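Each remark here refers to the structure printed beneath this line.
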Amino acid sequence: MKKLISLLGLLLCAACSTPEYISPGITAQEKALSQSMISLEEYPQKQETSYVHNKARATAIFEKLKIAGAPVCRFTSDQKHNSCSFMTLQFKNDETVNAYAHGSNNIVLYSGLMSYASSDDELALVIGHEMGHHLADHINEDQKHAAVGSVVGAILLGALGALSGDANLAGEMANLGATAGGQAGILSYSKEQEKEADYIGSYLVAQAGYDVEKGSRFFAKMYKLNPRTGSKDLNKSALFDTHPTDDERHATLLKISKEVESKKASSQALLPFKGARKQ
Ligand SMILES: [Zn+2]
């Protein structure tokens, strides 16, 4: 059994992925500053703008991000993509506050989220974040991870079923294990990927002339709507299930914004740092 467990451990680690683009670390003071900024934020209100208007607004922002962000797309995809034109944007007229990247090129934006993004900087940062997931190839990593999780889950529960001596039960338990293991595989590493998507997305936003600091206000508002420790005001908001909305995220975005500004001031290329670096 010990051998089986260490084999499973190896299998899981084969799917572990280290982010290539690591956002700057934050100090306790920076986190405290972010917390005070969030506390000054008024309780977010939905904008009374129409779905059609928001769709047109998001489409224009997306096009701008794709055109101006081409150097970021080339750099972060290791030249796999020569431009950002491989990505497409779809809309869902649904009041859920959500956005996600899926497939090999799609981004889905819900009207519920658009009505909380009051400035173009905010909407640009949300779209840039989802583009970041595609550029860092997170969907493929996710699928690999989920596949390994399924195998591990099937082996574990299948083995338990086999111990019972009932062949039908063993088969059922293997199926159940594959499903549970697949989900665990997806969920187990998402925080690092979220940070990487924020980091890459911020540079797309900066290249397109939007303001990362102003955009980060969206995440302060989301935190206000759904603080980790507080009650869920928007139970139906899937964004909170898949995306961290904590003060640390807001503080990190503010720090990224400073990094962007210092690169601009010293005429450096507006591209994220790659690999390990001094914090
Ligand atoms: Zn994300």
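Each reported figure results from applying straightforward, stated rules to the coordinates on display, with no laboratory input. Everything quoted here is computed from the prediction, not taken from an experiment. Neighbour counts are summed over all protein chains in view; Cβ atoms, including those assigned to glycine, are modelled from backbone coordinates with ideal geometry.
Which order, highest average first, do 77-85, 251-259 follow once you tally other Cβ atoms within 10 Å for each residue and take the mean per peptide?
On the way: 77-85: 14.3, 251-259: 21.8.
Listed from highest to lowest mean packing, they are 251-259, 77-85.
Near N106, the amide H atoms lying under 5 Å from its own belong to T88; only residues 5 or more places off or on other chains count, and H is placed 1.01 Å from N. Between the amide H of F91 and those of L109, distances stay under 5 Å, these residues lying 5 or more places away or on another chain, with hydrogens modeled in the peptide plane. Phi-derived couplings, Karplus 6.51 cos²θ - 1.76 cosθ + 1.60 at θ = phi - 60°, listed residue by residue for the range 63-71: 4, 5, 4, 5, 6, 6, x, 3, x Hz, with x used for Gly and Pro. Going from the fewest other Cβ atoms within 10 Å to the most, the residues T18, T59 appear in the order T18, T59.
Residues M131, M87 in ascending order of nearby Cβ atoms (within 10 Å, fewest first): M87, M131.
Residue exposure proxy: T27, T76, ordered by other Cβ atoms within 10 angstrom of their Cβ from fewest to most, comes out as T27, T76. In order along the range 263-272, phi translates into HN-Hα couplings of 5, 4, 5, 9, 6, 7, 4, 7, 10, x Hz, rounded to whole numbers, per the Karplus curve 6.51 cos²θ - 1.76 cosθ + 1.60 with θ = phi - 60° and x for Gly and Pro.
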